[in-house]
Amino acid sequence: MNIAQKKNIRFWSDSFIHSYSQMFFSDNRIFAYLILVASFANVHSGIAGFIAVISSIFFSHWLGLNRTSIHSGFYSFNSLMVGLVMGLFFQFSFIFFLLLFIFSITSVLITNAVGIFFAKYELPVLGIPFILTVWLLLLAVRGLNEIQLSERWLFVYNDLFSIGGIQMVKAYEWMQEIRLPGIIDIYFKSLGAIYFQYNVIAGILIAIGLLIYSRIAFSLSIIGFISGYYAFYFLHGNVEQLSYTYIGFNYILAAISIGGFYLIPSAKSYVLAVLLTAVIAVIQTGMGYLLGLLQLPMYSFPSTIIILLTLLTLKYRFESKGLKLVPVQLFSPEKNLYRYLYQSERYKNNTYIQIALPFYGEWYVSQGNDGKITHRDDWKYALDFVVVDEMKKTFRLPGEKLSDFFCYNIPVNAPAAGYVTHIIDDIEDNNIGEVNLQQNWGNTIIIRHAEGLYSKLSHMKQASFKVKVGDYVNAGDIIAACGNSGRSPEPHIHFQLQSTPFVGSKTLQYPISYYVTRKNGFDYEFHSFDYPREQSDVSNIQRTQILLSAFNFEPGQKLKFEVITKEEAKEKKEIISWEVKVDSYNYKYLYCAETNSSAYFINNFTVFYFTEFYGDKKSLLYQFFISAHKILLGYYHQMNINDELPLNSLFSGMVLYLQDFTAPFIRFVKADYNAVFSVIDDFNFPKFIKIETQASIGFSKKNLKVINSEIVINNGSIQYFTIENGNTKILATCLSD
């Protein structure tokens, strides 16, 4: 069986099994299989649901609907619910199966139509197609004499005996006799009732699956049910209705969807989930009365309406107020939360327009943000730069002439690409110690980088400008030379970002994208989207060509590795291939066909870093994703490059399970990444570089897991990389690229 055939079989099996877990917004296969088993607590209902799923999947494919949506169970999970209802209440017959097929495909059509309409507002379809289809079904059967209500409830023991003998009857009696304490019993029955299985065993199976799938969703199901239960009690005074109508599952679905799936799980999302269950407890009575007049069931209608109203409100509000909608759905509350925390920390200061330092080489920050001399009030977010010697002197003796100052007449560069909007170039440089207060800013250039983002460089040397107003400049282009014009007693560069194009505009707090600071000789510290501190030696990243070449992965490029894996006494050798691809959004990624895994990356020619991984976490690609998570493309000996890792990237087990429960409120586990350049053969013209990286997860000062790796660059390509993960050691040697 070739790879294409395997993919096709996996597509159909995934499409089927995902239909069962979609009600809980999950793509977890174990959870789905447990729900599948639970749906057969009532055999006839389970059979009808099974047939409905198969019918809707094949119909969706036959119509040519979106394969990704078919694969996710989008078109079939509402059909499943329709099938479960029909199998529960109607007698099996030829007409029954005909209607089952008709209303299964009706559900697909309604799902597609509702999906198209809701897409305008970025809303999910939820159970709307199921509810509409069931209402149409119940209205239709009123005029159909051939479809009969099931009488299995009257002759249940006879049916069970005919299927499985006395053992089946005893099993049924045992299942019906299970009694748990009041609220717990109703909780499990409400879970089972989501799939129209009104017994504790079905609810326990679903609860186990829910716990395996998501600790956050499991906790929300309990919190949501309890809060809804007591809200119903205080409002209605009688919870007996919950024990036989099982409408309590509305509280569970609303709590999971709002508290942990569509919103990033947090203390506020939990509070909102509790409040919404109280709202549902109120409105379900009114809805029940109204629908009762039409002789139509309520099912999940209350929770569906409240979820949609809440999401619509949240999408069109003015402030987030700590309630953040999930930007990219990963179909797991934990994955959504850990991804959000990871990206919030990793990219907390990142900006779309990247601003560099406006010079070559190393300069000294003589006055930083909120400086004591002139960087005050509306102009506090500015930087002054000079060049100093080892004694921090800005001049060579005697220091009486402009030419004595190290930075005078040194080229000044554009900090980012943009259009020159303003130049002042008619002010003479001051003598040393003198200032020009009438023409405060001196010779100045303003560059527009984007709407609302301008850079201003002042105190330039007269007649040194290399550009004119209207010119387009690229980052790093020489635009002028450092001078001593305006309010400047000695040569320096005044640099600021601002939101308006005027010479006297207020400053804007905006980080420098990438730079290093030097401390104690050649001890460097890397800064990413940070603010240079006063009295620090700063410089832009000096890129190293062989690093740029090694990590310059272009679409169509193929990499092949000979991989030797040693685990205790065992050794395995294999050949693994990757290909560089680009998706429809122009995002590049490494793809491994053998494991169907993808590792997305960004190379901005200063830093190479991975952003997302999808696929097999046991694959070599995932190991490389962790090992090369963030690589600086300029060699600085023994300088540390630190980064964050998602909490669920390195570790699983009881500790992470416990962290999952508390993660919306407090995190006690942290995942870190560190890379350091350890070896280079020649600082000026290198051909060989070794990078050592470490990924660790733990709490306090104790590491629970550590992955060490080495990446060796030779003649502009990755020669090999090694990984040491516990007892497992991997050597991956690049054969070709």
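Read the figures in this text as sums done on the coordinates, not as results from a lab. Note that the structure is a prediction, hence the values are computed from the model and not measured. Cβ: placed from backbone, ideal geometry, glycine included. Neighbour counts: every protein chain shown.
The mean of 1/r over all distinct Cα pairs in segment 273-383, once inverted, gives the Kirkwood hydrodynamic radius of 19.8 Å.
Rounded to the nearest 20, the size of the Cβ-charge dipole of the chain about its Cα centre is 1080 debye, with Lys and Arg at +1 and Asp and Glu at -1. Residues in segment 519-528 carry Karplus couplings, in order, of 9, 6, x, 10, 8, 9, 10, 7, 10, 10 Hz; the curve used is 6.51 cos²θ - 1.76 cosθ + 1.60 with θ = phi - 60°, and Gly or Pro positions show x. Compute log10 of I(q)/I(0) for segment 318-378 with the Debye formula, placing one identical point scatterer on every Cα and leaving out solvent, at q = 0.25 Å⁻¹, to two decimals. Debye curve over Cα of segment 318-378, log10 I(q)/I(0) at q = 0.25 Å⁻¹: -1.16.
For Ala663, neighbours were defined as the other residues whose beta-carbon sits under 9 Å from its Cβ, and their charges (Lys and Arg +1, Asp and Glu -1) total 0. Which one, Ile723, Asn596, Ile707, is farthest towards the positive end of the dipole of segment 590-723 when Lys and Arg carry +1 and Asp and Glu -1 on their Cβ? Working it through, the farthest residue towards the positive pole turns out to be Ile707.
Equivalent ellipsoid of segment 362-539: semi-axes from √(5λ) of the C-alpha gyration tensor, largest first, are 23, 21, 15 Å.
If we count every other residue with Cβ under 11 angstrom of Asp477's Cβ, Lys/Arg +1 and Asp/Glu -1, where does the sum land?
Values: positive: Lys466; negative: Asp471.
It works out to a net charge of 0.
Using just the C-alpha positions of segment 334-456 as equal point scatterers, what log10 of I(q)/I(0) does the Debye formula give at each q in 0.13, 0.16, 0.21, 0.23 1/Å? Relative scattering, expressed as log10 I(q)/I(0), comes to -0.73, -1.03, -1.50, -1.58.
Working out 0.36 nm times the residue gap between Val679 and Val328, then minus their Cα-Cα distance, what length gain in nm do you get to one decimal? Could you put the intermediate results ahead of the total?
Values: separation 351, 0.36 × 351 = 126.36 nm, distance 3.96 nm.
Residue separation times 0.36 nm, minus the Cα-Cα distance, leaves 122.4 nm.
Descending by average beta-carbon neighbour count within 10 Å, the peptides 92-102, 623-633, 34-44 line up as 623-633, 34-44, 92-102, the highest first.
Can you give the convex hull volume per residue for the Cα atoms of segment 545-736, as a whole number of Å³?
So the per-residue Cα hull volume is 138 Å³.
Normalised size of segment 528-595, defined as Cα radius of gyration per 2.2 N^0.38 Å with N residues, equals 1.78.
Mean shadow of segment 214-333, computed from the convex hull of its alpha carbons, in nm²? Walk me through the numbers before you get to the answer.
Numbers: hull surface 31.4 nm².
Result: a mean projected hull area of 7.9 nm².
Compute the distance from the alpha-carbon center of segment 529-546 to that of segment 298-314, in whole Å. Between the Cα centres of segment 529-546 and segment 298-314 lies a distance of 51 Å.
Report the trypsin sites (Lys or Arg not before Pro) located in segment 370-448 that are in a DSSP loop and have at most 10 other Cβ atoms inside 10 Å of their Cβ, or state none.
Details: sites: Lys372, Arg376, Lys380, Lys392, Lys393, Arg396, Lys401, Arg448; in loops: Lys372, Arg376, Lys380, Lys392, Lys393, Arg396, Lys401.
Sparse-neighbourhood loop trypsin sites (Lys or Arg not before Pro): Lys372.
In order along segment 371-380, the Karplus-derived 3J(HN,Hα) couplings, from 6.51 cos²θ - 1.76 cosθ + 1.60 at θ = phi - 60°, round to x, 7, 8, 10, 8, 10, 6, 5, 10, 7 Hz, and Gly and Pro are given as x. Peptides 450-462, 520-532, 55-67, 486-498 ranked from most to least packed, by the mean per-residue count of other Cβ atoms within 10 Å: 486-498, 450-462, 55-67, 520-532. When only alpha carbons of segment 680-737 are considered, Rg and Dmax amount to 14.5, 43 Å.
Annotation for segment 677-737 versus segment 601-651: alpha-carbon center distance of 11 Å.
Inverting the mean 1/r over all pairs of different Cα atoms, compute the Kirkwood radius of the chain and quote it in Å.
30.3
Considering only alpha-carbon pairs that sit under 8 angstrom and 6 or more positions apart, the relative contact order computed for segment 563-705 is 14 percent. By Kyte-Doolittle mean hydropathy of at least 1.6 and Cα axial length of at least 24 Å, which whole DSSP H helices of the chain are selected? Helix filter hits for the chain: 94-119, 267-293.
Working ranking of peptides 16-28, 291-303, 327-339, 114-126 by packing, defined as the average number of other Cβ atoms within 10 Å per residue, highest first, is 16-28, 327-339, 291-303, 114-126. Taking amide H as placed 1.01 Å from N in the peptide plane, Tyr524 has its amide H under 5 Å from the amide H of Lys519, each at least 5 places away in sequence or on another chain. Computed from phi, the 3J(HN,Hα) profile of segment 427-432 under the Karplus parametrisation 6.51, -1.76, 1.60 (θ = phi - 60°) reads 10, 6, 5, 6, 5, 4 Hz, with x in place of Gly and Pro.
What shape does segment 573-670 have by the C-alpha gyration tensor, where a ≥ b ≥ c are the square roots of the eigenvalues, rounded means a/c under 1.5, and otherwise prolate means a/b greater than b/c and oblate the rest? Let's see the in-between values first.
Numbers: a/c = 1.82, a/b = 1.27, b/c = 1.43.
Oblate shape, in that a/c is at least 1.5 and b/c is the bigger or equal ratio.
Across the chain, C-alpha contacts under 8 Å between residues 6 or more apart give a mean separation that, scaled by the residue count, equals a relative contact order of 8 percent. Give the separation of the Cα centroids, segment 467-500 to segment 12-29, in Å. Here the two parts' Cα centres lie 59 Å apart. For segment 11-150, treating each Cα as an identical point scatterer without solvent, what Debye log10 I(q)/I(0) comes out at q = 0.10, 0.15, 0.16 1/Å? One equal scatterer on each Cα of segment 11-150 leads to -0.30, -0.68, -0.77. When the charge dipole of the chain is built from unit charges on Cβ atoms (+1 for Lys and Arg, -1 for Asp and Glu) and taken about the Cα centre, the candidate among Ile70, Ala119, Leu80 whose Cα reaches farthest toward its positive end is Leu80.
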